[in-house]
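Worksheet: one structure, shown below.
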Amino acid sequence: MDLTLPSRNVFRGVFWAVVLLAAEAVRADITLESLLGEMIDPAAVARWPQPEFTCRQASSYDRATVAPDQPGWFANSDQNQFIRRERNGNREERVMLDAAGPGCIVRFWLTTDQNKKGTLRFYLDGAPEPALAFPAYDLLSGDFKIGAPLAQPHPGYRPDGAGGNTLYLPIPYAKHCKITWEEGGQSSRYYQINYRTYPPGTAVQTFARAALEAARPAIAQANQALLSPPEEAASQPWLVDQPIPAGGTLAVDLPAGPAALRRLELRVPADQLKSPERALRSLIVQMDCDGERTIWCPASDFFGSGAGLNPVQSWYRTVLANGTLVCRWVMPWQHQARITLVNLAEAPVNLALRTVVTPWLWDGRSLHFHAVWHYESGLKTPPHRDWNFVKLAGRGVYVGDTLALFNPIATWYGEGDEKIWVDGESFPSHIGTGTEDYYGFSYAPQPVHQTPFCGEPRIDQPMTQGHNTVTRTRNLDGIPFQRSLQFDMELIAWKTTTLTYAATTYWYAFPGTTSNIQPQPQAAAQPVPTLAEAITATAPQRKPGALECETMKVPAKSGSFFVGEQDMDAYGGERWSNGRHLLGQATRVGDFVEIEFPAPDAFPRRLALFATQAPDYATLRFQVNGQAVPVLFDGWSASVQPAAAFPLGVFEPRGGKFRLRAEITGANPAATGAKYFFGLDCVTLEKP
């Protein structure tokens, strides 16, 4: 961190400002140290916040995203987008955040794709000079010396800044916060800033170097606590240690309230599981508090593991490879609570259960903990869409989610942004820059990694084919809602794919709050797809007996237009024989290409052509061995797709070969773009 050095007169002013801040800290409701204490107090999230606040997000999302009924709703140029540009002396600064206080920065994520140049500045309470000035597009450089995980580099992070880094150290301010970026070069800059806004009159001690130095012990304590969450249940007895039969249910009544569950631990011995994916997805964790169903979720998803038994080490949850699953969300109830385990599988499952329950002071701020699971398969993209995690009606605080998905193709699935609407907003107050950015890393895909609040416990293949699990829990960046909250994630992939999504969402709420997600026992009980099945299902297959046009000799063509092989993976390559076709990029009517392929013998054959249709494809006339095919082929379609078999006719080979000529005759009136392109997939030969 590079702090701007003041002049002597300014220094005197700063000195007295620090003295006044120290005096004000005694009566401040919000200080750096109080926020750090809130961060590592597991029970803090279980009560409605006091003082109340709203949580919003500033980000570099594509500003063409305006409304669902406008063309740019799925715009994806989520870099170098700023609120405005300002002149400050001889420099131009780009404004990333401009927020009235009292408030606090609670999460700051950013990344870039090239060497870091320029300066990042935090202006607090309208001061003309920044309270913080980082010498690059980085939150970890200089003499800030906060340490992990409050200052957290993520996988792929390099000294030049690419890969992402996150600042969780809270930056409180009493009146105003403005954050700017002065560009020292040209690069792709991405950022997300989560910030709280407190009611007017809330006393906040503005961040300053003196306050930072005074809080060093609290910072060290927070870092240590977040990396080593409490494990106080080791000596607690097991409430249950027995198998649950196929289709069986086991219910455990917890002590009468007011009380709170501070730790829930399941042990499902890994060495006894034939299929961890199936067993743990079919084992349902259910909880009822004070007459309301508060949790219904498959065990592996509830504990953040996704599909299967994948190690997790975070502030709120731990999953070990031996089959131990731990949840440290604090779950209060006023009168009574019950945990129910349901085995939806066709085989028994051995498990043990233990809990830590303590007394709880139930008051007007106490909240119930909730978790639900939303599963859907067959999610084809494109087209782009918003896929709903959850819709909530009532009053509470949203505190996180786990996304477990299955991607059948070897390419990145996660270009989509999160969109979160609070209390009926017309535009989401949280809109992001990519699925991986929401989950705390960048330039996906990334290797498996863990941090206290974000992680990727499972990734089957480097290019995300197969199962993937990403998870994020919210602490100071929890989102309070007074009436409603809606969380959607865009489905935007690099190439056409059909995804399976399973989202677990976590929130605290007052009694009576409802969600749109209902239990899905049939989905939880069904077989879990495997990576091997994905590879088999998406591997390009040849049509039986087909000859591939892209492998054929091209003895003649007109002009200099391009003719060559094209991989059709971007359009659902498994729909084309061998996943490819011969692409022709002609330029005018009359252009032609001739391709040649061998005959199996000297006898006539019935020939059929499989071609491609697309918005910019032409109308074609064919000849086989110099004989005209009487029917024209129209290559136009509103989307890229394989055409139905086109019969060419019965022909005798010449010299042991067939020669097929395709000639441009024009274009469908609806054709767009170049209009004279075409694609030839394969030819089949049958005895007449």
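As an exercise, take the mean of 1/r over every pair of distinct alpha carbons in the chain, invert it, and state the Kirkwood radius in angstroms.
Numbers: mean 1/r = 0.0352 Å⁻¹.
After inverting the mean inverse Cα-Cα distance, the result is 28.4 Å.
Compute the projected area of the convex hull of the Cα atoms of the range 492-577, averaged over all viewing directions, and report it in nm² to one decimal place.
If you wrap the Cα atoms of the range 492-577 in a convex hull and average its projections, you get 11.0 nm².
Sort all Cα-Cα distances of the range 546-686 into consecutive 5 angstrom bins from zero, then give the percent of pairs in each bin up to the one containing the longest distance.
The percentages, shortest bin first, are 2, 11, 21, 25, 21, 13, 5, 2, 0.
Multiply the residue separation of residue 448 and residue 537 by 0.36 nm, subtract the distance between their alpha-carbon atoms, and state the gained length in nm to one decimal. Kindly include the intermediate steps, with their values, before the conclusion.
Details: separation 89, 0.36 × 89 = 32.04 nm, distance 2.51 nm.
The residue 448-residue 537 span can extend by a further 29.5 nm.
Less than 23 Å apart at the alpha-carbon level, and either on another chain or at least 8 residues along: which lysines does that give for residue 675?
557
Quick one: what do you get for the range 167-270 if you divide its Cα Rg by 2.2 N^0.38 Å? Write down the numbers at each step before the final one.
On the way: Rg = 23.6 Å, N = 104, 2.2 N^0.38 = 12.8 Å.
Relative to the 2.2 N^0.38 Å estimate, the range 167-270 comes out at 1.84.
Among the listed pairs 495/543; 116/391; 380/419; 117/495; 117/178; 274/419, which have their C-alpha atoms separated by more than 28 angstrom in this model?
116/391; 117/495; 274/419
For the range 540-620, what percent of Cα pairs sit more than 18 Å apart?
Roughly 49 percent, once rounded to a whole number.
Counting other C-beta atoms within 10 Å, and keeping those with at most 12, which DSSP coil trypsin sites (Lys or Arg not before Pro) do you find in the range 571-605?
In loop regions of the range 571-605 (DSSP not H, G, I, E or B), the sparsely surrounded trypsin sites (Lys or Arg not before Pro) are 588.
As a footprinting exposure proxy, order 374, 430, 335 by other Cβ within 10 Å, with the fewest listed first. Please report the intermediate quantities before stating the final value.
Numbers: 374 21, 430 25, 335 12.
By the 10 Å Cβ count, ascending, the order reads 335, 374, 430.
What spacing in nm lies between the two simple spin-label points modelled at residue 75 and residue 484, each 7 Å away from Cα in the Cβ direction?
2.6 nm
Set Lys and Arg Cβ to +1 and Asp and Glu Cβ to -1, take the dipole of the range 466-599 about its Cα centre, and tell me which of 470, 536, 487 lies farthest positive.
Highest projection toward the positive end goes to 487.
Evaluated at 10 °C with a viscosity of 1.306 mPa s, what Stokes-Einstein diffusion coefficient in µm²/s does the range 284-360 have when Rh comes from the Kirkwood expression over alpha-carbon pairs?
Diffusion coefficient, whole number: 116 µm²/s.
Give me the one-decimal Kirkwood hydrodynamic radius in Å for the range 431-521, with the sum taken over alpha-carbon pairs.
15.4 Å
At most 12 other Cβ atoms within 10 Å plus a DSSP loop assignment makes a site exposed; report the longest stretch of the chain without any exposed GluC sites (Glu not before Pro).
For GluC sites (Glu not before Pro) (loop position, at most 12 other Cβ atoms within 10 Å), the longest site-free span of the chain is 347-688.
Take the alpha-carbon centre of the range 504-526, take the same for the range 340-378, and report the distance between them in whole Å.
Between the Cα centre of the range 504-526 and that of the range 340-378, the gap is 11 Å.
Using the number of other C-beta atoms within 10 angstrom as an exposure proxy, rank 107, 91 with the fewest first.
91, 107
What would the Debye equation give as log₁₀ I(q)/I(0) for the range 233-365 at q = 0.15 Å⁻¹, counting only Cα atoms as equal point scatterers?
-0.68
When every alpha-carbon pair in the range 38-152 is counted, what percent end up more than 25 Å apart?
Counting every Cα pair in the range 38-152, those more than 25 Å apart make up 39 percent.
I'd like the distance between the alpha-carbon centres of the range 181-215 and the range 383-398, rounded to an integer number of Å.
Here the answer is 28 Å between Cα centres.
Of 589, 447, 279, which is farthest along the charge dipole of the chain in the positive direction, counting Lys and Arg as +1 and Asp and Glu as -1 at C-beta?
589
Evaluate the distance, in nm, between pseudo-label points positioned 7 Å from the Cα of residue 530 and of residue 100 along their respective Cα→Cβ axes.
It is 6.1 nm.
Averaged across orientations, what area in nm² does the convex hull of the alpha carbons in the range 367-517 project? All intermediate terms of the calculation are to be shown ahead of the outcome.
Numbers: hull surface 33.1 nm².
Spelled out: convex hull of the Cα atoms, projected over all directions, averaged, 8.3 nm².
Local charge sum around residue 401 (other residues, Cβ-Cβ under 12 Å, Lys/Arg +1, Asp/Glu -1)?
Overall, the nearby charge balance is -1.
If you build the convex hull over the alpha carbons only and average its shadow over all orientations, what do you get for the range 237-295? Give it in nm² to one decimal.
Hull-based average projected area comes out at 5.2 nm².
If I model a spin label at residue 292 and residue 562 as a point 7 Å from the Cα along the Cα→Cβ vector, what separation in nanometres do I get?
Inter-label distance under the simple model: 5.9 nm.
Specify the angular offset, from 0 to 90 degrees and rounded to the nearest 10, of the alpha carbon long axis of helix 8-25 from the longest principal axis of the alpha carbons in the chain.
Taking the Cα atoms of the chain, the angle to 8-25 is about 80 degrees.
Using only the Cα atoms of the range 605-668, each taken as one equal point scatterer with no solvent, compute I(q) by the Debye sum, divide by I(0), and report log10 of the ratio at q = 0.13, 0.19 Å⁻¹.
One equal scatterer on each Cα of the range 605-668 leads to -0.36, -0.71.
If you find the alpha carbon centre of the range 112-145 and of the range 419-437, how far apart are they in angstrom?
What the calculation gives is 26 Å, centre to centre.
Calculate how steeply helix 216-227 sits against the longest principal axis of the alpha-carbon atoms of the chain, using the helix alpha-carbon long axis, and give the answer as 0 to 90 degrees to the nearest 10.
50 degrees
Taking loop as defined by DSSP and a crowding limit of 12 other beta carbons within 10 Å, which trypsin sites (Lys or Arg not before Pro) in the range 403-490 fit?
483
Which of rounded, prolate, oblate describes the range 84-135, given a ≥ b ≥ c as roots of the alpha-carbon gyration tensor eigenvalues and a/c under 1.5 marking rounded, otherwise prolate only if a/b is larger than b/c?
oblate
Bear in mind that the values in this text are calculations on the coordinates, not laboratory data. Keep in mind the model is a prediction, meaning the values are calculated, not measured. Cβ sites come from the backbone with ideal geometry, for glycine too, and all protein chains shown count toward neighbours.
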